[in-house]
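Below you'll find the structure, written out as structure tokens, and then a few comments.
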Amino acid sequence: MHQQLVVEKISGILESTDNTYDVKLTEMLDSAKRIFIAGAGRSKLVGNFFAMRLVHGGYDVSVVGEIVTPSIKSGDLLVIISGSGETEQLIAFTKNAKKVGASIVLISAKAESTIGDLADAVFQIGRPEQYGKVYGMPMGTVFELSTLLFLEATISHIIHEKGIPEEIMRERHANLE
């Protein structure tokens, strides 16, 4: 019962998400010198998934907040994952990135937001009215799972578009774990 609830809810969100976002996001990733991924809480975990797959795909990626993250500069891309687009820490990251001339993309449940207003592009996952209370999927679960699947689909697009063999991705996978 609950598996079906989750699958149906996420499927509905993804069906109402613009199906050109993967191409647009790929173009932004490809035009960036370096890519920085930021989120808070579980959205940060979704960002970590995405960052890892981008590294496997051959991109230069850093996760914001890690001790070895370099400074962002002009020509870089900051990908913010925030359901609300209003997380104070992420607003501060966005403002700092904007000051130095980095491009910013927001992946959110709400296009109309503080971060959305500052971003160069906003990819709204689903429609805001789809995010009411969902029994069994509390506190942002719908956005996080939908975004995770959207980003995995984007990685699939990248792999197919660039013809990246899984063997090459495996070679880029961490070997000190």
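The simple Förster model, with R0 at 22 Å and r as the Cβ-Cβ distance, assigns residue 33 and residue 170 a FRET efficiency of 0.30.
Among 72-81, 109-118, sorting by the average number of other beta carbon atoms lying within 10 angstrom of each residue, highest first, gives 72-81, 109-118. Our compactness index for segment 70-130, the C-alpha radius of gyration over the empirical 2.2 N^0.38 Å, is 1.07.
Once the convex hull of all Cα atoms in segment 1-76 is built, its volume per residue stands at 121 Å³. For the cross-link pairs 24/95; 9/98; 44/73; 24/110, which exceed 27 Å when the distance is taken from alpha carbon to alpha carbon? Those over the limit are 9/98.
Summarised in one figure, the compactness ratio Rg/Rh of segment 80-177, Cα atoms and Kirkwood Rh, is 1.06. When peptides 60-71, 15-26, 45-56 are ranked by their average number of other Cβ atoms within 10 Å per residue, the highest-first order is 45-56, 15-26, 60-71.
Comparing Cα centroids, segment 152-173 and segment 11-52 end up 15 angstrom apart. Over every Cα atom in the chain, the radius of gyration and the widest Cα-Cα span, Dmax, amount to 15.9, 49 Å. Using a cut-off of under 19 Å, list every residue of segment 44-70 whose amide N is near the label point 7 Å from the Cα of residue 95 along the Cα-to-beta-carbon line. In segment 44-70, the label zone of residue 95 (backbone N under 19 Å from the point 7 Å along Cα→Cβ) covers 65. Placing a pseudo-label 7 Å from each Cα along the Cα-to-Cβ vector at residue 23 and residue 74 gives an inter-label distance of 3.1 nm.
Read the figures in this text as sums done on the coordinates, not as results from a lab. All of these numbers come straight from a predicted model, not from anything done at the bench. Glycine also receives a Cβ, built like all others from the backbone with ideal geometry; neighbour counts cover every protein chain displayed.
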